[in-house]
1. Quick one: what pairs do we get from region 76-90, first residue charged (D, E, K, R), second open to solvent by less than 10 Å² (accessible area, probe 1.4 Å), C-beta under 8 Å, 6+ apart or different chains?
2. Give region 356-410 a look and list any residue that's within 24 Å of GLU339 (Cα to Cα), exposed (fewer than 12 other Cβ atoms within 10 Å of the Cβ) and among the charged types (D, E, K, R), or say none.
3. Residues in region 180-199: is at least one open to solvent by 20 Å² or more (accessible area, probe 1.4 Å), touching a helix residue (DSSP H, G or I) at 6+ places or on another chain (Cβ under 8 Å) and within 18 Å of HIS283 (Cα to Cα)?
4. Mind checking which residues of region 339-355 are loosely packed, with under 15 Cβ neighbours inside 10 Å and in a helix (DSSP H, G or I)?
5. Assuming GLY647 fulfils every condition listed in (1) open to solvent by 20 Å² or more (accessible area, probe 1.4 Å); (2) touching a strand residue (DSSP E or B) at 6+ places or on another chain (Cβ under 6 Å); (3) at pLDDT 90 or above; (4) on the phi > 0 side of the Ramachandran plot apart from one, which condition is it?
6. Can you give me the number of residues within region 239-295 that are at pLDDT below 90, β-branched (Val, Ile, Thr) and in a helix (DSSP H, G or I)?
7. Being open to solvent by less than 80 Å² (accessible area, probe 1.4 Å) and of a type in the set (Ser, Thr, Tyr) is the filter here; which residues of region 38-47 pass it?
8. Test TYR21 against the stated conditions and say whether it is in contact with a Gly (Cβ under 9 Å, 6 or more places away or on another chain), crowded, with 17+ Cβ neighbours inside 10 Å and farther than 24 Å from ASP313 by Cβ.
Amino acid sequence: MLDLVIARRLGSRFSNVAGVYMYGLNHDGEVTIDVTGDPTESSRLLDMIGRDALDELYHRVSDSDLEVQAIEETVIPNVRAAGVSFRVDDSPLFTWVILGVLEDEELKVPGALNTSEFSFTTTLDRFVDAIDIIRDVTQLILFNKVSLFNAEAESRRSKFSEEEMKASLKHAEAISEVVQLLDNDDAIEAVMRECMELIGEYLDISSAMVVRTRPNRDTMDVAAEWNNRGVISLFDQFRDRKIFSFVRGDKPLVVSSDSETPPQISKDMAFLAIKALVVLPIHVSNGYGMYACFMDSNPSKVWKVEEVKFLYDASHVLHSVVTKRIQKNSLAGSYASLEAVLDNVGSAIYVRDVESGKPLFMNRILKSTFATELQTGTLDKLFDSAIPVNRGSGIYEIHHIDRNRWYDLHYTYINWVDGRKVSLCAAYDVTDKKTYQRRIEQQACTDFLTGLYNRMCCERDLAMHIDSSKQNGMTGALLYLDLDDFKHINDGLGHQYGDVLLKAISHSLQRIDGIQNTCYRMGGDEFVIIIPPEAYKNFERIVERIRDIFSKPWYLKDADYYCTMSMGIVEFPEAGESVQDLIKKADVAMFEAKKEGKNRIAKYSDKIVISSNRRLDMEKNMRDAITNEFKEFQVYYQPIVDIQQKGNPCIGAEALIRWNSAELGFISPSDFIPLAEYLGLINPIGNNVLKEACREVKYWNEHGHENFKVNVNLSVVQLLQTDIIDIVKETIEETGANPNNLTLEVTESLAINDMDRMKKILSNIKTLGVKIALDDFGTGYSSLNHIREIPFDVIKVDQSFVRDLADDAYSQSFIKMVAELAETIGVNICVEGIETKEQFDALNGMKVKMVQGFYFDRPMTREDFEAKYIG
C-alpha cells in the first residue's frame, strides 16, 4: 500500500536534511529500501551495531500492538538506533530503522566513533526530533494512501451497515477535530485541554489529563485536565505532588478493568477511583517528560483495539502540537523542507484562496502533470467540474478525456499560514488502478490458463442465448466436451505439458467460425461450447471441425501424442430452458459417449435419461460392492489353447471380471468397466482381480499343471498408478504365485501414446519375472515398428480381424504378417475371438501359436474351469 518510490525519495532526502542513516522493511521483515547515505559508512555501522540487534528492534516495534516507536542505545556509545512502525488495520505494514551518529560531547567516551569519519551526524535532541518528524510525514503519506484505498473499497462494499458507517464517520470527525488543533494558536495548556476534551467526549470516559514530570525529581504537575460530567476535578490537588507510578518510563500502558495490575499501580488507580487506564508517553526534547493519561471509572471497562489506536493517533497529534511550540526551528517548521516533502508524496498538491481563487501553492508533480492546463488557465475548471455543487470535503473522480487518464481528487478546506481559509486539492493518478480493476473484472470471467471464458461466464451467456432463442423462435446447441484419458498425458509427461495441451486445444476451438466467443473451460479437462441460435445453421460444420481437431496428434515433448474427446450435445430451448438443467443433460450425454468407447459424440435423448439413471444406480451399487469386500465380483476364466501342439491342449486362461449385483443383477463388463474407470474405482477392482488370478494360477501349478499361465488385463488407469510395480510385486509375494506364469495385458493405444513412460514401467514389471502381452493389436494408431520398442512377450490380435477371417483376404494377410513379425522378433502371437471352425481352419499354416475364443470355450467360473481343465 505504501509507494516504495515515494518512500525511497523521502528516505534519501530526509537522511540528507536530518543527518541520519535509515532503511525500510516490509511487514515480512524484508529490506525494501536500502540504507541511505554512503554505502561504506552504512555497511560499517550495520556491522558494528550488529544486524541481530537491529532485527530485534524491528520486531519490538512491528510485532507490538501498542509500541510502534522506540529509541535504543547500541553497543557504540555515541550511536542510537530507532524503529518506527506503521500499521494498517492493526497489522504491520512498513518500518523505518534509523541510525544516528551523535556529536554530543558527553557521549565521546572510549569506544565512541569519530564523527569526522561519517557524512551524516546529528545530536541526540535532533535525532529524537527527527524520529518524530519522519513518523508524522510517513504517517501523512500512508494516511493519504490508506484513505484512497479505503475510498475505493468503500465503493464496492454494499453490505456496510449503517451503524458501522456512523461509527466510522464519528471516528473520522473526532480525529479531524484533533488534527485541527495543529493550527490552533492558543496557549499550549488550552490546546492540550481542548485535545483531552475532544478525546474524552468521543470515547465517553471519566477523565483525561496531561501530566508533566521533571528529570531527577519525583514530582509531577497536571498540565491539562478534562473531566466528564459528574466527575470531580483533581487539578488543584496534584500540583507538584508525588509522581504516580504509572507515569514513569517510556513505554505505553494499557490497563482494562479485568487486567492483572502491579500493586503500586492498583493502589494509585484506587486512589483516583478508576478501573481502566491508558498512559501514552509524549516525548519532548527540553528535559521534561510528558504523559497523556485516559481514565475510566466504569467497573466493566475493557479497552477496544479501535479505542487504543485512536488514542495513539490523537497522542501523535498532541506530540506534534508540543513539538511545534518547543522547536520553532525544527524540520517540520521549515517551509522549504516541507515543500521538498510535498514534492515527493506521489500526488499533485494544489492550494487556492477560497475567496479570490488565487493559487497559493503548487507542488512539482502538479506543475508537471497539469502543465498544459496551467498554461491555458483551465486547471480550476477541470478540478471544479469533478466537485458537485454545494459539496465540501470529499473524494471525487476526474476523467481527463483528452489524455484518457483517471484521477482521484481529495478536496478539503484548511487554514493557511496567515489564517485565511483555503481549499486543498490532492490529485492522484489512478489510471493504472482503473486498468487493473477492468483486468480483474475480465479475469473473474476468464480461465487463467487457457484464456477461455470460465463456468461463471458460461452460465451467464447460456442464459442470454436461451432467452434469445425463445424470443426469436430459434434453436441453439450446447456441446459438453471431456478429453479422453487426459490424466495419462498429465501424469506421464508432467503437468506443464498437460497445460500446453489444454492451451493448444483451446486456441484451436477458438479458431472455428461461429463459436469464437462462446468457448468455455469448465475446469480440469472439460470444455463447453455454445452454438448460438444465429450460428446454428452451421451446426454440422462446427461439430465436424471439432472432430477434425481431435483426429490429429498433438506435438508434445518432442513427440506426437493422441488425445481424443467425448462430446455430449443438447439443443435448447427444446431440451430445457434452465441453465443448470441443460449443462447437466449435456454432461449426461457426454458420459454416454464416453461409455460407448470414447472418441464418440452422443446427443441427449430420453433413452440417455434412462441410461443416466441406471448409471447412478450402478455407481451406488458398485461402491457398496467394493466396500463389501468385492463379494459381488467374480473372476471368470477363458481357456487359451496351444494349436501347435497335438490335441490343442489348454495352456492357461485369461482372467475376466464379472459383476453379479444383488440389486441390479448381472451387469455386462462393457457397461460397468467404463464407469469404474470414469469413477476411479477400477484400481481397487483391478487389484482384486490380479490377486484372485495369482491365487488361482498357484493352485493350478500345484495340482499337476506347473506350466499353466494366467493372463490379467491391466486397465489404463491401473497401469498409470505411481505404485503399480509395487502392487504387482506385493501381490506375487502375498499369493506365492510363480511370476513366470503371470502375463499382464496392456492395450495398444496406451502403450503407444506414451512410449517412454510405458517402456520404463513395463521393463520394471518384467524384472519381476512377469510377462507382458500387447492386447487389441491392430486397433490403435501405432506402426508395426513400435512393437520392437516395448518388451512384449505376446501379441494378441484383436478379434475385429477375426470376424471375417474365413473369407476375407485382408484379415488373413494381416494375421499372417503379424505372426511372421512375431516370430522374427521372438514373441508369441495369440488370436482372440475364434468362434467357428472356418475361422480356426483359416489359421492353418500361419505360425499362430495360441488361440482364444468361443470355438474352444466360453469364459467360465473358477469351479467350472478347474473341473474341466485341472481335474
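1. ARG80/LEU99; ARG80/GLY100; ARG80/LEU102; ARG80/PHE127
2. Within region 356-410, LYS358 is the sole residue that qualifies.
3. Checked against the condition, which is being open to solvent by 20 Å² or more (accessible area, probe 1.4 Å), touching a helix residue (DSSP H, G or I) at 6+ places or on another chain (Cβ under 8 Å) and within 18 Å of HIS283 (Cα to Cα), region 180-199 yields at least one hit.
4. Residue satisfying the conditions is GLU339 alone.
5. Against the list (1) open to solvent by 20 Å² or more (accessible area, probe 1.4 Å); (2) touching a strand residue (DSSP E or B) at 6+ places or on another chain (Cβ under 6 Å); (3) at pLDDT 90 or above; (4) on the phi > 0 side of the Ramachandran plot, GLY647 comes up short only on (2).
6. Looking only at that region, the number is 1.
7. SER42, SER43
8. Answer is yes for this residue.
The values are calculated or read from the model by the stated rules, or taken from the named source; none is laboratory data. Bear in mind the structure is a predicted one, so any value in this text is a computation, not a measurement. Note that we place each Cβ from the backbone using ideal geometry, even for glycine, and neighbour counts take in every protein chain shown. The area values use the complete protein model at the heavy-atom level, side chains included, leaving out ligands, DNA and RNA. Shrake-Rupley method; radii C 1.70, N 1.55, O 1.52, S 1.80 Å.
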